[in-house]
Amino acid sequence: MTDEPSGFPYAPAPESTAIVNISSSYGIFIDGAFVEPADAPRFKTINPATEEVLSEVCQAGAPEVAAAVAAARRAHDEVWSAMSGAERGKYVYRLARLLQERARELAVLESMDNGKPIRESRDVDLPLAAAHFFYHAGWADKLDHAGLGRDPRSLGVAAQIIPWNFPLLMLAWKVAPALATGNTVVLKPAETTPLTALAFAELCQQADLPPGVVNIVTGDGRTGQLLAECEGVDKVAFTGSTEVGKQIQRSLAGTRRRLTLELGGKAANIIFDDAPLDEAVEGIVNGIYFNQGHVCCAGSRLLVQESIVEDLLVRLRRRLQTLRVGDPLDKNTDVGAINSAAQLERIVALAESGDAEGAQRWSAPCTLPDRGFWFPPTIFTSVSTAHRIAREEIFGPVLSVLTFRTPDEAVEKANNTPYGLSAGIWTEKGSRILWMASRLRAGVVWANTFNQFDPASPFGGYGESGFGREGGRAGLAAYLQEASS
Amino acid sequence: MEEGNKRRLAVRKTFKLYIGGAFPRSESGRTYQVLDAHGGFIANVAKASRKDARDAVLSARTGHRSWSAATAYNRGQVLYRVAEMMEGRRAQFAAEVARAEGCGTTDAERITDTAIDRWVWYAGWADKLAQVIGTANPVAGPFFNFSVPEPTGVVVLVAPDDSSLLGLVSTIAPAIVSGNACVAIASQTRPIPAVTLAEVLATSDLPAGVVNILTGDPAEMMPSLAAHGDVNALDLAGIGDVELAARLERDAAGTVKRVRRPQPDANWYRTPSLAAMSDLLEIKTVWHPQGI
Amino acid sequence: MIGTPVGLDQLHSALKGLAGVDEVGAASRAAMLGTRSIKASSKARAIDLAIAMVDLTTLEGMDTPGKVRALCAKAMRPDPGDPGTPAVAAVCIYGDLVATARDAVGDALHVAAVATAFPSGRASMAVKLLETEQAVAAGADEIDMVIDRGAFLAGDYVRVFEEISAVKNACGSARLKVILETGELKTLDNVRRASWLAMLAGADFIKTSTGKVTPAATPTVTLVMLEAVRDFALVHGRKVGVKAAGGIRTSKDAIKYLVLVNETVGNDWLNPDLFRFGASTLLNDLLLQRQRMLSGHYSGPNYVTID
């Protein structure tokens, strides 16, 4: 728990886990049913806040992946693509409603498997996941109005590989548009966070979704590779590390399989001297400490106008001391556990590089639990653009602070990266917001806010942050054939 | 109304107006007789007066304020809820349509199913309209320029006389999906499904006043509504009399209302064009400089 | 922030130079703090703290000495069935009833009088000052004044400043609470400017509302005011209190405000000398919740008194 700076300590406010029912082990979900592959090895999934084992899941191998793809193929060709858009839409609406109905249970499950605070799962992940299904359900019978040609057709079978940072939400971002546009899917959740995807499979059953439309195979990177390289799929959608994204792009080269990638980022959060300061502090904090910094679009580089940097840092450090770090299932926790031991090692190593290269580290004083994986909210100052912590994605609660003098310089520094996922601009001046936004090479620009997501709002990056968009009209294109008429 | 078990006397319903989320009788105290397709008596239905219509406009104006301030997502959810509630009354609707329009059960069910699916179709438009109709405009200057659709405000619509449910739904839903509120005058000869629809709307989390449904004689109510200074648009779908339609359009010109003219050959089964929604929208275009 | 002493001729530009407030961001921060889950021992502590922070209020045309005496009795002993219940901080009444109130409470509680043509603020300076002096002479040790919103919205910050200064002077040793009437100021930028203006002019407390205009206190305006007192204290070394008044009816609401105080300005402000609730019905809800926490079952309106 954060050391309480005040005399109004909050008593523990634990969310009960009685609402979830986790099996001791899970099979994989193929063709509408859970199957236990005879020879597939199993691995454990743990709660990163306590290191307790939650369940065991399968490491799907080549036969399982092939079976899932075959089921998806049959479902697409015989059932899903033959169905009217209106009928498909009604199935997707059912899934949206089911997510709403079981939101509380799924939020608890997500926090247990991922380590994120229950407040976030409850107030952000679950509502947004349901919203993605609602929004895309409405497109299913309106595709000819999407500006993508008359009567656009589905691609077929989509292989979808998602990361561990927003497991259920990333599933929604992938499955909803794919289904709405008439495709069927084989989805692989991340190895450290399979449980909400497996719960989603149950929702598909409750919705009476035709078998094979959604298939879930669990496993680590090897399963993902099998799926991405499977010749029976028509499209691959990957969200995850830049490294793996490049591998997938290489392996799809020369094939006719379509690809979209959503990779890493090193976003600049740019604060001008006329920024609404208190809200800017909130935006900075939200930008890098929300979800423990495990956010591809995190505002991990703070670019402050030099004239206000000292005052801003004072406000920032003061604000960080009210962040509550600890038990994800406590409703008052702001910053939860790091998702895995491996990720924690990466964060620690990069932070140490910051020390070694001469930056100044400051961490919010907090008492961290003995078990589990934890890292305190941290700020590095005296950071130069050449430092590793200014260039490489840390994917943890670590902020690197740099300064600028003029808007041009801010744009230059912000753009000086192979990444280009997001950026933040804080200023009261509207014309400057629009001027900056038009020059920042980032797929998502937030002005006087940060980390806002909506199914209607396209999301995706420039450069090595990936290509393709998810959400909005633009996001439909990835799942439809190019129309010519 | 079905008699049900012949040994048991049915509790017959009194048919009232739907104004401001409540079900009042007409302030005039009048009713009129509704007959089925074979001339048999169905019920005495409230006969709305000009004053009822005036009250409905007031309610609509209030309803419009909160409805247009809701997010598009929220409106879509409410409209989807309407479809859920309609589905629950599927058998009731089908029976009422069959009796009103004199069609068989199969046709009545097809009409009802299409009407429910029509609501679902419109529910899905709430958070898409801005993306399909709105634009970012590439003006030749250092400006960010965008156009967004906005609801026009209060719409008075005359539902089709012959299509008692599907035509009704196809005029009400497109009016409100964008945030407009409406005063709907139901089919004079076939109003029963409209009253059931009002009951559905009242249980769908739709804010009071967003939809008001009046039963009665459109020719009596419409002239004052067409000239009304706080009504923004008219949909004359159900005005079969060509002369009357022209006269109402002239009355509307006094306040430059947006007018949708009658569509005598409308096939309500067909997927509607976007005009049903876009005719009831304003387009707002905003310019903002881009500069340091 | 406004650090250096500001001449009246520079007041306007100094206030305009304060950082802007993004309304969406501020509302979102206040809303997020409203999701804090305060349970068990923290809830019990918060309830007692909230009771001790109440300015129990009656400000009606039909107030009589009898009504004021009843209010004072309740203020001193809110729950006759539980003497362990804290007393409130103050009673808050119209100036012409101060003598009655002071007679009733003795030294046990503060007596706060509204003054300066409450609630509208529309009267001459002479009248406003006389009202203040009379209330203090009758025994009020706190004065709740209203600012001239007309002058503020017309941009005449100097006039507003001078009025507050003069009233502060007329208070003598009494403490001055300055009501901004945030519901009429409308924008959060105005709330920030009015907060700074009042503090620079000598306010001991800044207060959200008269309670006669809707909206009255909201978490968002209170957040902005708490940020202002925080920054003012850092620069000027003087802690100004905040009073949230009007529209706070339930314990749940009150606890949300305590969370706002806790996480914006911290422990130093979590006491009746620096934070108050202007309320009437809130007290009974706090008492009902207190009873429930002690007994384990929900209480009812017959177990708290009407004053």
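The values are calculated or read from the model by the stated rules, or taken from the named source; none is laboratory data. Since this is a predicted model, take the numbers as computed values, not measurements. In this analysis, Cβ positions are derived from the backbone assuming ideal geometry, glycine residues included, and neighbour counts consider all displayed protein chains.
Say whether the condition of being in a loop (DSSP other than H, G, I, E, B) and farther than 21 Å from residue A:145 by Cβ is met by at least one residue in the range B:111-126.
The answer is no; no qualifying residue exists.
So which of A:464, A:409, A:482, A:393 is more than 14 Å from chain B (Cβ to nearest Cβ), charged (D, E, K, R) and surrounded by fewer than 18 Cβ atoms within 10 Å (Cβ to Cβ)?
A:482
Please enumerate the residues belonging to the range A:275-331 that are within 11 Å of chain C (Cβ to nearest Cβ), touching a Phe, Trp or Tyr at 6+ places or on another chain (Cβ under 7 Å) and within 29 Å of residue A:170 (Cβ to Cβ).
Answer for the range A:275-331, where residues must be within 11 Å of chain C (Cβ to nearest Cβ), touching a Phe, Trp or Tyr at 6+ places or on another chain (Cβ under 7 Å) and within 29 Å of residue A:170 (Cβ to Cβ): A:280, A:283, A:286, A:323.
Taking the residues in the range A:139-175 that are over 17 Å from residue A:216 (Cα atoms) and in contact with an Asp or Glu (Cβ under 6 Å, 6 or more places away or on another chain) as candidates, determine which candidate is nearest to the other protein chains (Cβ to nearest Cβ).
Checked the range A:139-175; the qualifying residue nearest to the other protein chains (Cβ to nearest Cβ) is A:144.
In the range A:116-138, what residues are more than 7 Å from every other protein chain (Cβ to nearest Cβ) and in a loop (DSSP other than H, G, I, E, B)?
Listed by number, the residues that qualify are A:116, A:117.
With the structure loaded, tell me whether residue A:119 is at pLDDT 95 or above and farther than 17 Å from residue A:212 by Cβ or whether it fails that test.
It is true that residue A:119 is at pLDDT 95 or above and farther than 17 Å from residue A:212 by Cβ.
Check C:253, C:231 and return the single one that is among the acidic types (Asp, Glu) and over 24 Å from residue C:40 (Cβ atoms).
On inspection, the qualifying residue turns out to be C:231.
Considering only residues that are of a type in the set (A, V, I, L, M) and outside any loop (DSSP other than H, G, I, E, B), which ones fall in the range A:180-196?
Once the filter is applied, which keeps residues that are of a type in the set (A, V, I, L, M) and outside any loop (DSSP other than H, G, I, E, B), the range A:180-196 yields A:180, A:185, A:186, A:187, A:195.
Which residues, counting only those in the range B:233-259, are more than 19 Å from residue B:189 (Cβ to Cβ) and touching a residue at least 40 places away in the same chain (Cβ under 8 Å)?
The answer is B:233, B:234, B:258.
Which of (1) surrounded by fewer than 22 Cβ atoms within 10 Å (Cβ to Cβ); (2) assigned to a loop (DSSP other than H, G, I, E, B) is the odd one out, the single condition residue A:296 does not satisfy?
Every condition holds for residue A:296 apart from (1).
Taking residue A:407 as meeting all but one of (1) touching a helix residue (DSSP H, G or I) at 6+ places or on another chain (Cβ under 8 Å); (2) within 30 Å of residue B:128 (Cβ to Cβ); (3) not hydrophobic (A, V, I, L, M, F, W, C), write down the number of the exception.
Exception for residue A:407: condition (2).
Please enumerate the residues belonging to the range B:164-199 that are in a loop (DSSP other than H, G, I, E, B) and under 9 Å from the mean Cα position of the chain (by Cα).
Listed by number, the list holds a single entry, B:186.
When the residues of the range C:57-69 are narrowed to those that are crowded, with 16+ Cβ neighbours inside 10 Å and of a type outside the set (A, V, I, L, M, F, W, C), which ends up nearest to the chain's Cα centre (by Cα)?
If we take residues in the range C:57-69 being crowded, with 16+ Cβ neighbours inside 10 Å and of a type outside the set (A, V, I, L, M, F, W, C), then C:57 is nearest to the chain's Cα centre (by Cα).
Over 23 Å from residue C:248 (Cβ atoms), touching a residue at least 40 places away in the same chain (Cβ under 8 Å) and in contact with a strand residue (DSSP E or B) (Cβ under 7 Å, 6 or more places away or on another chain): which single residue out of C:98, C:114, C:54 fits that description?
Among C:98, C:114, C:54, only C:98 is over 23 Å from residue C:248 (Cβ atoms), touching a residue at least 40 places away in the same chain (Cβ under 8 Å) and in contact with a strand residue (DSSP E or B) (Cβ under 7 Å, 6 or more places away or on another chain).
Does the range B:93-106 include one or more residues that are within 11 Å of chain A (Cβ to nearest Cβ), of a type outside the set (D, E, K, R) and not in a loop (DSSP other than H, G, I, E, B)?
No: the range B:93-106 contains no residue that is within 11 Å of chain A (Cβ to nearest Cβ), of a type outside the set (D, E, K, R) and not in a loop (DSSP other than H, G, I, E, B).
Within the range C:237-244, is even one residue over 20 Å from residue C:26 (Cα atoms) and within 14 Å of chain A (Cβ to nearest Cβ)?
No, there is no match, as no residue in the range C:237-244 is over 20 Å from residue C:26 (Cα atoms) and within 14 Å of chain A (Cβ to nearest Cβ).
Conditions tested, residue by residue: (1) over 17 Å from residue A:196 (Cβ atoms); (2) among the hydrophobic types (A, V, I, L, M, F, W, C); (3) in the same structural domain as residue A:108 (by TED's automatic domain parsing).
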site	(1), (2), (3)
A:29	no, yes, yes
A:33	yes, yes, yes
A:39	yes, no, yes
A:42	yes, no, yes
A:46	no, yes, yes
A:49	no, yes, yes
A:55	no, no, yes
A:62	yes, yes, yes
A:65	yes, yes, yes
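Would you tally the residues in the range A:314-357 being closer than 27 Å to residue A:105 by Cβ and outside any loop (DSSP other than H, G, I, E, B)?
Residues in the range A:314-357 being closer than 27 Å to residue A:105 by Cβ and outside any loop (DSSP other than H, G, I, E, B): 4 in total.
Would you point out which residue out of A:374, A:446 is at pLDDT 95 or above, among the aromatic types (Phe, Trp, Tyr) and under 19 Å from the mean Cα position of the chain (by Cα)?
A:446
Would you be able to tell me the number of residues in the range C:2-42 that are farther than 24 Å from residue A:449 by Cα and either at the interface with chain A (Cβ under 8 Å from one of its Cβ atoms) or in contact with a strand residue (DSSP E or B) (Cβ under 6 Å, 6 or more places away or on another chain) (or both)?
6
Residues of the range A:424-458 being assigned to a loop (DSSP other than H, G, I, E, B), away from chain B (no Cβ under 13 Å) and surrounded by 21 or more Cβ atoms within 10 Å (Cβ to Cβ), which ones?
Hits for the range A:424-458 are A:442, A:443, A:448, A:450.
Any chance the range A:262-285 includes a residue that's within 21 Å of residue A:350 (Cβ to Cβ), assigned by TED's automatic domain parsing to the domain that holds residue A:389, part of a helix (DSSP H, G or I) and out of contact with any Cys (no Cβ under 9 Å at 6 or more places or on another chain)?
yes
Out of C:54, C:91, C:114, I need the residue that is away from every other protein chain (no Cβ under 14 Å), in contact with a Cys (Cβ under 8 Å, 6 or more places away or on another chain), closer than 21 Å to residue C:254 by Cβ and surrounded by 21 or more Cβ atoms within 10 Å (Cβ to Cβ). Which one?
Result: C:91 is the single residue among C:54, C:91, C:114 that is away from every other protein chain (no Cβ under 14 Å), in contact with a Cys (Cβ under 8 Å, 6 or more places away or on another chain), closer than 21 Å to residue C:254 by Cβ and surrounded by 21 or more Cβ atoms within 10 Å (Cβ to Cβ).
Would you confirm, using the coordinates I've provided, whether residue A:82 is surrounded by fewer than 23 Cβ atoms within 10 Å (Cβ to Cβ), in the same structural domain as residue A:480 (by TED's automatic domain parsing) and free of Cβ contacts under 8 Å to residues at least 24 places away in the same chain?
Criteria met by residue A:82.
Any idea which residue in the range B:127-158 is surrounded by the most Cβ atoms within 10 Å (Cβ to Cβ), counting only those that are part of a strand (DSSP E or B) and not hydrophobic (A, V, I, L, M, F, W, C)?
Among them, the one singled out is B:151.
Can residue A:223 be described as among the β-branched types (Val, Ile, Thr), outside any helix (DSSP H, G or I) and at pLDDT 95 or above?
No, not satisfied.
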